[in-house]
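The values are calculated or read from the model by the stated rules, or taken from the named source; none is laboratory data. Keep in mind that this is a model prediction, so the values were computed, not measured. Methodologically, a virtual Cβ is constructed for each residue, glycine included, from the backbone with ideal geometry; neighbour enumeration extends over all protein chains shown. Calculation scope for accessible area: heavy atoms of the full protein, side chains included, ligands and nucleic acids excluded. Shrake-Rupley method; radii C 1.70, N 1.55, O 1.52, S 1.80 Å.
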Amino acid sequence: MQIVVNGKTLELAEGTTCGEVLKEALSKKQFKNVVVARCEQTLLDLSASLPTGCSELFGVRADSEEGLAVIRHSTSHLMAEAVKKLFPEAKVTIGPSIKDGFYYDFDYERPFTPEDLQAIEAEMLSSVGADKPFIRSEMNIKELVSLFEAQGESYKTEIMQDLGGENFSLYTHGEFTDLCRGPHVERTGKLGAFKLLSVAGAYWRGDEKKKQLQRIYGTAWDSPKALKKYLDRLEEAKKRDHRKLGTQLDIFSTHEEIGGGMILWHPKGALIRAILEDFEKKEHLKRGYDLVQGPLILKRELWEKSGHYDNYRENMYFTEIDEAAYGIKPMNCLSHMLIYKSKIRSYRDLPMRMFEHGIVHRHEKSGVLHGLMRVRSFTQDDAHLICRPDQLQAEIITLIGFVRDIMKLFDFDYVLELSTRPEKSIGSDEDWERATNSLRGALDNLGLDYRVNEGDGAFYGPKIDVHLVDALERGWQCGTIQCDFTLPERFDLVYVGEDGKQHRPVMIHRTILGSIERFLGILIEHYAGAFPAWLAPVQARILTVTDEQKEYAEQVKQRLEASGLRVEADLRNEKLGYKVREAQVEKIPYMLIIGDKEKEAGSVNMRIRQGEDPGLMTVEAAAELINAAVRKPFLDGGMSYSFSTI
RNA sequence: GCCCACGUAGCUCAGCAGGUAGAGCACAUCCUUGGUAAGGAUGAGGUCACCGGUUCAAGUCCGGUCGUGGGCUCCA
């Protein structure tokens, strides 16, 4: 038989293994880097014989995404072997590869300790040293069930039953055998660049009603160098953790006596928020939105009518006023709908776009709270668009463009996800189809990449979510665009059509930043605390060399402020080096140094937070240079913005 | 909510076989007037998260509560 590898055509005997083929076709160096083979979309063990009908074979490199996944999966087997050896009563369940590593869930009587992890790691390394081969075999379900039951491995039976089918593959290395689809590296000696990271509880099958298992997380790479690089990256990410920088830069704090998930914004943090919110309000006004505002608490009957009382009660806080029950809002839509309903609306009034920085309270479970990223009281940049059905798609296209402009301003990487109808949902097929097509059509129309999450929509309609990535490469949902057929129905929203009859409008819930809290958390990490000039709470600080320049420094400060900048003057009796260091640690974008020289020349000496120092210049030149930096991101994004109110 | 770990001065952290607390930075006062990442001296700061228990004695052991962190489930 013939096969093409790397552009070379080889003539082969039947039963040749993939490894043998690749060894023949590739250079020694190339082959050393190969972990498994690939024929079309199928990954194959190197020890597997070449499948019939395979016309072209590829070697999968250890440092490729697919190769790393194989290494990680094999390392999880290695770990399971070590755990079974050290803790024979532990039952194995599943152990997949994940981003940057792998985990394996065990059913064991007690949690593993850090000392256990060390012992497991040592045992794994000894297995690597023994260089045991991974051997694939197949058995039918009956044999397998009795095999695993004899070992007390009850979870494997459940897995096979869920998967369905008659025959399953197994992988054995040394004493350890696991049900597994594969493929794996050839030998344990190919592994070794790994580290066990943490232990955590995890529910069997991700179901909180089922038993909690002990999960061990680890990371694994193709080389010690790559492992070190990853561990260094984790260190770096810790440095820009928004919780750490938030304290360091005096942006926000939390207090045990206030309660979990509640943020106190300090002067600098509150100023950043104000700048951000001001920008957003103006941007919305420019794009045809109306600003509206509603109260924080609304009567309980309203929440009953909307369905929130039935579907969202566990997440809500309630209170009582004059013996009437009130609910603290977890969402802003109700006020907006009542504004719509406050008078008769014509088709000419649509679309109506209502925007509010709405403060909402949600009773999130205590275990999920996380710095600014997950809190119980937060501000949404929330809008509700009410439009005619025929306007839906155009509105969505404009909306996605809006999202794109804003993300560009912050220079953010983001992922768009389209979520479709879930099993538990309401509304007609026709409504769902029209709305889903509008969302999909808008994405396609703009030529954007997106992922589809089948069945992950809200119960009232499909949605597009925007996910941002933080310093630790965790994804966070921020913006969301959700279609809703329920609320217009429940609240009987109507408009008078051209025909003089009443029609039902369509409603879109949407946010762009999502929550101001979360977005700022992500921004702090994104910029490592060094906010761009337009957002920096202090844009420039004047540093005097001695007391002699105090008066002149005050004059310079006034002139810069007159040009619209946020300026501080550090007139303290401290050495210049000390003042520079402080300003640098606070990540102030521009430092203006003033000594006798500058005072006499009527100039300033500019130092910038990173990069080359512009040096000596007139006060006016400094003001213009900083103002240009403030405007630049907007011009780059094709926007304009005036800071008149800040 | 569940599993595990943690909670000592504003911040970062020491402390121990159970015998009533320590450093650096920050802060205050004084000396110093010094050109681009920390000048010096002195001082003030803690009912060791909170509540209860064991003990002659608890920051140190045990239980509970609150909070924080890593995960699970959920989510902006």
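Does the range A:136-235 classify as rounded, prolate or oblate by the C-alpha gyration tensor (a ≥ b ≥ c root eigenvalues; a/c under 1.5 gives rounded; else a/b over b/c gives prolate, otherwise oblate)? Here the range A:136-235 falls in the oblate category. Rounded to the nearest 20 debye, the dipole size of the range A:308-356 about its Cα centre is 520 debye, using +1 on the Cβ of Lys and Arg and -1 on the Cβ of Asp and Glu. The convex hull defined by the C-alpha atoms of the range A:318-371 has an orientation-averaged projected area of 6.3 nm². Among beta bridges from DSSP that stay inside chain A, the antiparallel ones total about 85%. Each Cα pair under 8 Å and six or more residues apart adds its sequence gap; the mean of these over the residue count of chain A is a relative contact order of 9 percent.
Placing +1 on the Cβ of every Lys and Arg and -1 on the Cβ of every Asp and Glu, with nothing else charged, gives the range A:499-646 a dipole about its Cα centre of roughly 700 debye. Given axes a ≥ b ≥ c from the Cα gyration tensor, I'd like to know whether chain A is rounded (a/c under 1.5), prolate (a/b larger than b/c) or oblate. Note, shape of chain A comes out oblate. Between residue A:139 and residue A:576, the contour length at 0.36 nm per residue exceeds the alpha carbon distance by 149.7 nm.
Rolling a 1.4 Å probe across the protein heavy atoms gives chain A an accessible surface of 48 Å² per residue. Here the accessible area of chain A is 49 percent carbon and sulfur, with a 1.4 angstrom probe and all protein chains present. Remark: chain A carries a charge dipole of roughly 880 debye about the Cα centre, counting +1 on each Lys and Arg Cβ and -1 on each Asp and Glu Cβ. If the cut-off is 24 Å between C-alpha atoms, which lysines fall inside it for residue A:190, apart from same-chain ones fewer than 8 positions away? Partners found: A:23, A:28, A:29, A:32, A:84, A:85, A:99, A:132, A:225, A:228, A:229. Classify the range A:460-554 as rounded, prolate or oblate from the Cα gyration tensor: take a ≥ b ≥ c as the square roots of its eigenvalues, call it rounded if a/c is under 1.5, otherwise prolate when a/b beats b/c and oblate if not. Here the range A:460-554 falls in the oblate category.
Counting Lys and Arg as +1 and Asp and Glu as -1 over every other residue whose Cβ lies under 12 Å from the Cβ of residue A:636, the net charge comes to +1.
Summing charges over neighbours of residue A:26, with a neighbour being any other residue whose Cβ is under 13 Å away from its Cβ, gives +4 when K and R count +1 and D and E count -1.
Other residues within the sphere of radius under 12 Å centred on the Cβ of residue A:203, judged by their own Cβ, net out at +1 (K and R +1, D and E -1). In the range A:510-646, Cα pairs under 8 Å separated by at least six residues give a relative contact order of 23 percent.
Legend note: in chain A, cysteines whose Cβ sits 4.7 Å or more from every other cysteine Cβ are A:18, A:180, A:333, A:387, A:478, A:483.
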